[in-house]
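Participant: If you scroll down you'll find the structure; I have some questions about it.
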Amino acid sequence: MRVHVESLKRCFSKGEITADKIQVMTSLTADEKEFILADAPAQEEYEAAYKILVGEQS
């Protein structure tokens, strides 16, 4: 796997880059995009984390 792809995966995991941005990158193959996006957190996890941050859940 290319170093560039590994770096993008780390950035995506940290939330520094969106799935939409990954999808429109023409320099990536379909397999590379799938590899990067494979560990995408579910939307519910984002919502739960937000509620915790704003104090709606204890």
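Participant: Please go through the range 1-18 and pick out each residue that is surrounded by 11 or more Cβ atoms within 10 Å (Cβ to Cβ) and either modelled with pLDDT under 80 or touching a strand residue (DSSP E or B) at 6+ places or on another chain (Cβ under 9 Å) (or both).
Facilitator: Those that are surrounded by 11 or more Cβ atoms within 10 Å (Cβ to Cβ) and either modelled with pLDDT under 80 or touching a strand residue (DSSP E or B) at 6+ places or on another chain (Cβ under 9 Å) (or both): none in the range 1-18.
Participant: Go through the range 19-58 and give me each residue that's modelled with pLDDT of 90 or more and of a type in the set (S, T, N, Q).
Facilitator: GLN23, THR26, SER27, THR29
The values are calculated or read from the model by the stated rules, or taken from the named source; none is laboratory data. These numbers come from a predicted model, not from an experiment. FYI the Cβ positions are ideal-geometry reconstructions off the backbone, even for glycines, and counts take in every protein chain you see.
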